[in-house]
1. Within region B:53-70, can you find the residues that are crowded, with 20+ Cβ neighbours inside 10 Å and out of contact with any strand residue (DSSP E or B) (no Cβ under 8 Å at 6 or more places or on another chain)?
2. If B:Asn82 passes every condition in (1) over 11 Å from the mean Cα position of the chain (by Cα); (2) at pLDDT 95 or above; (3) at positive phi but one, which one does it miss?
3. So which of B:Asp97, B:Asp49, B:Asp54, B:Asp35 ends up being acidic (Asp, Glu), more than 14 Å from chain A (Cβ to nearest Cβ) and without any contact (Cβ under 8 Å) to a residue 60 or more places away in the chain?
4. Confirm whether A:Met117 is within 14 Å of another protein chain (Cβ to nearest Cβ) and touching a strand residue (DSSP E or B) at 6+ places or on another chain (Cβ under 6 Å).
5. Could we say that A:Val57 is within 13 Å of chain B (Cβ to nearest Cβ) and exposed (fewer than 15 other Cβ atoms within 10 Å of the Cβ) here?
6. Look through A:Phe74, A:Phe101, A:Phe30, A:Phe114 and report the one residue that is among the aromatic types (Phe, Trp, Tyr) and more than 29 Å from B:Ala85 (Cβ to Cβ).
7. Just to be sure I understand, how many residues within region A:76-89 are over 8 Å from A:Cys55 (Cα atoms) and surrounded by 22 or more Cβ atoms within 10 Å (Cβ to Cβ)?
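The values are calculated or read from the model by the stated rules, or taken from the named source; none is laboratory data. Remember, predicted model here, so these are calculated numbers, not experimental data. Every residue, glycine as well, gets a Cβ built from its backbone with ideal geometry; the counts of neighbours run over all protein chains shown.
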Amino acid sequence: MPKKALNEIRCTFLSRSENEALARSIISGFLLPLDPTVDELADIRCAISEAVTNCIVHGYRGTVGTIVLDAKSFDDRSVRITVTDRGCGIENVARARMPLFTTCPDEDRCGMGFSIMESFSDRLSVTSAPGKGTRITLTRKLASPLKGST
Amino acid sequence: MEEALRLSYEEDTVIAEIGGEIDHHRAVSVRSQIDEALFKRMPKTLIIDIGRVDFMDSSGLGLIMGRLAKAKEIGASLMLRNPSARVMRMLKMAGLDRIIQTTKT
């Protein structure tokens with residue numbers, strides 16, 4: 001039986017760095033009614049923070065644009081979250097996803113953003129076109145509230 | 001709101017206690033304050049205490065890696081104090097657990 005959507009949100013905000021915390025708050029508010037474990041919530045908050053930071057630091061580098069955060073929950077307790085920008089895009093997605101790869105080492109970027117997003121989600125997809133923008137989609141299935149730990 | 005950074009000094013040591021959340025936004029000011037103290041005091045040891053940090057993403061890893069490099073520049077060592085299990089997990093992902101000394105108080 002196909003899974004049914006339970007809830008869905010879409011938020012648009014500017015690529016200002018103070019909105020990294022805003023994005024984490026939004027996703028927390030969306031997830032909390034689903035009764036995630038402490039670790040699940042922390043993982044997803046961290047992954048979203050990475051995705052939004054990626055838009056700000058790389059996508060709109062030096063400029064301000066819009067970031068769209070979409071989140072959708074399903075009746076099998078999975079959530080799908082998408083972060084989209086219309087920034088400069090990524091020329092080589094495979095290279096960008098390699099651990100420790102960074103284009104701005106002088107700014108204390110450690111190149112672990114995509115590795116963390118991958119580690120903290122069940123599935124991560126990145127679609128990007130140079131000059132058009134980037135879309136990061138992560139899915140994560142939450143444990144049953146009865147079986148969940150922490 | 002949790003105080004973002006508290007700097008203190010003990011003999012040849014600079015202690016930077018970070019609180020609250022470390023993301024790209026907050027890391028910018030924390031980084032510059034620690035670096036200012038580091039180059040002003042020229043200590044032998046820099047201790048970064050992250051026991052009061054309740055959220056950190058890769059910007060926190062970058063902050064730690066960057067301070068390790070700055071400490072090396074002046075011949076100082078870096079000690080990371082009170083990392084949570086979650087922070088340790090992230091340090092391991094980046095391989096930093098092998099090159100950064102950690103301690104608990």
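1. Listed by number, the residues that qualify are B:Ser58, B:Leu61, B:Gly62, B:Met65, B:Gly66.
2. It fails just one condition, (1).
3. B:Asp49
4. yes
5. No; evaluated as a whole, the condition is false for this residue.
6. Sole residue among the options that is among the aromatic types (Phe, Trp, Tyr) and more than 29 Å from B:Ala85 (Cβ to Cβ): A:Phe74.
7. The number of residues fulfilling the criteria is 3.
Rundown of residues vs (1) away from chain B (no Cβ under 13 Å); (2) of a type in the set (A, V, I, L, M, F, W, C); (3) over 14 Å from A:Arg140 (Cα atoms), yes/no style:
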{"site": "A:Ala71", "(1), (2), (3)": "yes, yes, no"}
{"site": "A:Asp75", "(1), (2), (3)": "yes, no, no"}
{"site": "A:Val79", "(1), (2), (3)": "yes, yes, no"}
{"site": "A:Val83", "(1), (2), (3)": "yes, yes, yes"}
{"site": "A:Glu91", "(1), (2), (3)": "yes, no, yes"}
{"site": "A:Pro99", "(1), (2), (3)": "no, no, yes"}
